[in-house]
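Worksheet: one structure, shown below.
Each reported figure results from applying straightforward, stated rules to the coordinates on display, with no laboratory input. The shown structure was predicted, so the numbers you read here are calculated from the model rather than taken from an experiment. A quick note on method: Cβ atoms are made from the backbone with ideal geometry, for glycine too, and the neighbour counts reach across all protein chains shown.
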Amino acid sequence: MKLCPYCGYANREDATQCRRCDASFLRRPEPPMAPKSYWVGPAKAQTVRRYALALLTLGLLMKVCWAGYGPWPVIDYPPCAEMRHWLEPVLLYLGAAGYVCGWVLRFI
């Protein structure tokens with residue numbers, strides 16, 4: 001016996017539709033779904049996140065290596081010391097903001 005998936009009525013094995021609710025047992029081919037259109041898309045958003053992580057990593061490396069948080073000597077060359085004060089926060093904040101933007105852009 002073939003049970004109807006909708007009403008549970010027991011039908012004959014060779015039945016093509018239910019005798020009680022007239023539901024069809026034959027599978028109809030489902031129409032192919034169109035791919036969702038994105039302005040940016042997941043692939044480009046992943047690229048944005050990769051670059052943002054690189055900036056964030058570079059900013060953290062500058063903070064650890066140039067600020068004296070490790071057992072190594074601090075780089076105190078005057079051009080590097082002047083750059084560190086503005087470049088380090090730019091890389092950190094830009095990297096963090098870029099990663100969040102890349103995460104949001106994957107849905108747009």
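A few notes on this one:
- Charged neighbours of C4, selected by a Cβ distance under 15 Å, balance to +2 (K, R count +1; D, E count -1).
- Rounded tilt (10° steps) of 42-66 against the dominant C-alpha axis of the chain: 30 degrees
- Computed over the chain, the ratio Rg/Rh where both radii use C-alpha atoms and Rh is Kirkwood: 1.58
- GNM result for the chain, Cα springs below 10 Å: residue of C80, C18, C65 fluctuating most strongly: C18
- Taking amide hydrogens as placed 1.01 Å from N in the peptide plane, the amide H of F25 sits under 5 Å from those of Q17, C18, each at least 5 positions away in sequence or on another chain.
- Dipole magnitude for the chain: about 620 debye, using +1 per Lys or Arg Cβ and -1 per Asp or Glu Cβ, origin at the Cα centre.
- Cα-centre dipole for the range 42-105 with unit charges at Cβ (Lys and Arg positive, Asp and Glu negative), debye to 20: 340 debye
- Label point of Q46 set 7 angstrom out along Cα-Cβ; within the range 78-108, amide nitrogens under 14 Å from it belong to 103, 106-107.
- Nearest-0.05 FRET efficiency for T57 and E82, computed from C-beta distance (R0 22 Å): 0.50
- The long axis of helix 78-105 is offset from the longest Cα principal axis of the chain by roughly 10 degrees.
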